[in-house]
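Please treat every number below as a calculation from the coordinates, not as lab data. Because the structure is predicted, anything quoted here is derived from the model rather than measured. No Cβ is skipped: glycine too gets one built from the backbone with ideal geometry, and neighbour counts run over all protein chains shown.
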Amino acid sequence: MEKYYKPSGKFSSIFILYFLLATIIAFPILGLIYAYCIWYIPFVYINLFITMGFGFLVGFVIAHFVIKKGKVRNPLLGCIIGLAGALLALYFHWAIWIDLVINAGESYGSSRVGITVSNIDFLQVFSLIFRPDLVFEYIGQVNEYGTWGIRGATVSGTFLWIIWIIEFIIVIAISGFLPYLEAKKPFSESTNSWYEEVILPAFSYIENKQQVIASIAQSNHADFDFLSKDINSETDDHSIFTLYKSKSGKNYLSIDNKTSKTDDKGNISFDNDQIVEYIAINSEFSKILLNK
């Protein structure tokens with residue numbers, strides 16, 4: 001048994017069908033929601049989080065619908081599929097957003113904060129989707145004149161291109177990374193199925209990381225007697241064990257340390273430190289962890 005899990009690089013061609021379904025159904029819907037959110041929420045900082053959310057949703061759909069159901073065990077291919085999906089979702093978003101610009105109506109608010117009422121014409125959007133030359137022509141025109149501003153100044157030209165490039169990078173980075181991670185997860189070639197992923201209850205924080213890795217490799221199960229569940233995972237430093245089980249008999253384990261930190265407002269968050277990823281373990285150790 002190999003010490004660590006390595007993806008086989010294989011895939012099922014059925015992923016193409018799932019990708020086409022996502023392109024026809026999910027991406028246009030996500031593009032529509034994203035376009036309306038960007039149009040009607042006139043706050044740049046909030047829009048940044050909306051952009052991140054859009055990238056996450058696109059990546060999530062590709063990872064859990066295309067990669068998982070399509071049984072893609074090739075991380076590079078998973079990343080490429082994610083990037084392709086992001087480009088398509090962004091294109092749908094742009095076609096819809098341009099149509100909102102075309103159909104813009106009355107504006108309300110002040111010179112500092114305001115919105116312009118608009119709604120899409122579905123037939124017009126449909127025709128734009130099949131005319132990328134028109135979409136990019138309109139994008140160029142919008143960039144020249146701008147449609148929104150910051151502190152009373154209209155954003156256009158080079159500055160607007162920079163904002164759009166940042167938006168583009170955020171979406172494709174997140175959308176490409178999530179499918180990449182999904183394709184890396186353990187897959188049983190003998191049963192032609194993904195391993196069952198079991199996130200165990202939080203254990204005590206692991207101080208000696210190298211010793212833990214060595215103990216797993218040498219099957220020294222007694223070295224894990226120190227693990228305790230008598231901690232508050234919402235406030236205390238702790239470790240998270242993720243067990244990957246399969247009917248094939250092989251099992252894998254990932255371990256992360258979670259270090260708590262408190263900000264000026266008293267809010268607690270956690271820094272993640274990965275100790276080990278997809279290390280092979282025997283069934284006896286799996287049972288010990290499940291029974292703890």
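General observations
- Of the residues 91, 55, 11, the one whose Cα sits farthest towards the positive end of the charge dipole of the chain is 11 (charges of +1 on Lys and Arg Cβ, -1 on Asp and Glu Cβ, taken about the Cα centre).
- Annotation: amide H-H contacts under 5 Å for residue 193 (H modelled 1.01 Å from N, sequence separation of 5 or more, or interchain): 188.
- Mean projected area in nm² (Cα convex hull; one quarter of hull surface) for the range 1-95: 7.2 nm²
- Of all complete DSSP H helices in the chain, those with a Cα span along the helix axis of 27 Å or greater and a mean Kyte-Doolittle hydropathy of -1.0 or more are 75-102, 157-184.
- P(r), alpha carbons of the range 189-291 - 5 Å bins starting at zero, rounded %: 2, 12, 22, 23, 17, 11, 7, 4, 2, 1, 0
- If R0 is 51 Å, the Cβ-Cβ spacing of residue 260 and residue 161 corresponds to a FRET efficiency of close to 0.80.
- Built amide H within the under 5 Å cut-off of residue 205, gap 5+: 239
- In the chain, helices alone account for a calculated mean residue ellipticity at 222 nm of -15000 deg cm²/dmol, with every DSSP H run of four or more residues adding -39,500 (n - 2.57).
- If you wrap the tightest convex hull around every Cα atom of the chain and split its volume per residue, you get 162 Å³.
- Note on residue 190 and residue 37: their simple-model spin labels are 4.4 nm apart, each label 7 Å out from Cα toward Cβ.
- Taking θ as phi - 60° and the Karplus parameters 6.51, -1.76 and 1.60, the scalar couplings of the range 3-11 work out to 5, 10, 6, 10, x, 6, x, 7, 7 Hz in sequence order, x denoting glycine and proline.
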